[in-house]
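Trainee: Let me give you the structure first, and then I'll get to my questions.
What follows draws every value from the coordinates through simple rules; no lab data is involved. Values in this document were obtained by computation on a predicted structure and should not be read as measured data. Cβ atoms come from the backbone with ideal geometry, glycine included; neighbour counts cover every protein chain shown.
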């Protein structure tokens, strides 16, 4: 049986949690006798970052001949050169004029989006007609929209939900144009099955979803007791760590910098390290410079071994606005790091039980309070970190593998499976 895993963008060269889980699933299915292909549709050159079985095929179906209509992005010049200011002012004025004309000609922003989506969907239709997969697994609802739009597929589809389901079809996060909500919600009706990360995420599924629901957690590697962080050892310098894409809209690294900066003078032996790359590097670099903490706060870039970096650290700070599971957080907890997150953050408030295996803050002030408690108390770090590592044992790779294999079997075997089982 052939399974096609679809991550329509960001898989090539991608270092995020979705790319990692996609690769893990591909390897799992190959190991269990399935033929597997990972397919993307993006205008980049590259390959998989995470290890893949040599039998897994990675295909980019991007076709530069497929017409895509794009507005000219607006750019605000932030320098002090008056000639460049005039140049970019003129370019911005032209871009606005061009975009207005384009929207008028196409019938509005929504029609531009649908025109582009329709053309990409036709590329997918040709791919499915040629390859004839037995099962499609989409790694996001956005991927599902792209492959099913105006396509009548007679292939069972499972979607892997990497966040809380309502983030995919509602304006809870306020990050999508209004016209996408209808497309995203309608996409749920195309599904035969869905994987969600926590049981209470069932209540956030839309009423038009009628397929099978499987609660399957992300896998966390088991850490041997002798490899857990030992907080009773005195050091010359101590480290607070954060691992995530540099994206202040979601990950809110700017909040972590502000909280640490308030304590930096009182605790001169502590540093803050960020591991990850992303679009907001320059903004964060400037914020660090403005606080005058360039020798205490570090943007380290990408690491292919985050666990090793966590094992050299003392506290994990994770001020995300929203998450699906919080894979980096779970990994930090597994190695015995005491962790701090926001109580309002989905995923984070599932993994951390406040005061037991970590701390959940209700505000920046409370995050600062919890951080100072941990910085000043090695025994508390040891106690919370040990409980954190114990609490992650339930998220085993074995449980994840069994859950996915059962879901695939139930969806592909026949249509007579128990609904919402």
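Trainee: Please compute, over every Cα-Cα pair in the chain, the percentage with a separation greater than 35 angstrom.
Mentor: Percent of Cα pairs beyond 35 Å in the chain: 35.
Trainee: Order of 387-396, 92-101 by packing, highest average Cβ count within 10 Å first?
Mentor: 387-396, 92-101
Trainee: If you don't mind, another one. Mind running the shape call on the stretch 207-345? Use the C-alpha gyration tensor, a ≥ b ≥ c as the square roots of the eigenvalues: rounded below 1.5 for a/c, prolate if a/b tops b/c, oblate otherwise.
Mentor: Note, shape of the stretch 207-345 comes out oblate.
Trainee: Distance from the Cα centre of the stretch 308-360 to that of the stretch 1-63, in angstrom?
Mentor: Going from one Cα centre to the other spans 27 Å.
Trainee: Hey, what number do you get for the chain at 222 nm if only DSSP H runs of n ≥ 4 count, each worth -39500 (n - 2.57), divided across all residues, to the nearest 500?
Mentor: It lands at -12500 deg cm²/dmol.
Trainee: Also, quick follow-up: Tell me the label-point distance for the pair residue 152, residue 104, using the 7 Å Cα-to-Cβ offset, in nm and rounded to one decimal.
Mentor: 4.0
Trainee: For residue 93 and residue 80 in the same chain, what is the full-extension length gain: residue separation times 0.36 nm, less their Cα-Cα distance, in nm?
Mentor: Extra length from residue 93 to residue 80 when fully extended: 2.8 nm.
Trainee: Additional query: Order the peptides 144-153, 2-11 from the highest to the lowest mean number of other Cβ atoms within 10 Å of their residues.
Mentor: My ranking of the peptides, most packed first, is 2-11, 144-153.
Trainee: Of the listed peptides 173-180, 132-139, what is their order by residue-averaged count of other C-beta atoms within 10 Å, with the highest listed first?
Mentor: Descending packing order for the listed peptides: 132-139, 173-180.
Trainee: Please compute, over every Cα-Cα pair in the stretch 150-235, the percentage with a separation greater than 15 angstrom.
Mentor: 66
Trainee: Apply the a/c threshold of 1.5 to the C-alpha gyration tensor of the stretch 51-153 and tell me whether it is rounded, prolate or oblate.
Mentor: It comes out prolate by the Cα gyration axes.
Trainee: Which translational diffusion coefficient, to the nearest whole µm²/s, is obtained for the stretch 296-398 from the Stokes-Einstein equation, given a Kirkwood hydrodynamic radius over C-alpha pairs, 4 °C and 1.567 mPa s?
Mentor: For these conditions, the coefficient is 94 µm²/s.
Trainee: Distance between the C-alpha centers of the stretch 207-265 and the stretch 123-187? Whole Å please.
Mentor: Rounded to whole Å, the Cα centres lie 29 Å apart.
Trainee: Also, quick follow-up: Given points 7 Å out from each Cα along the Cα-Cβ axis, report the residue 65 to residue 130 separation in nanometres with one decimal.
Mentor: With each label point 7 Å from Cα toward Cβ, the separation is 1.1 nm.
Trainee: For a test of the definition: using alpha carbon positions, the gyration tensor, and the 1.5 limit on a/c, classify the stretch 1-99 as rounded, prolate or oblate.
Mentor: prolate
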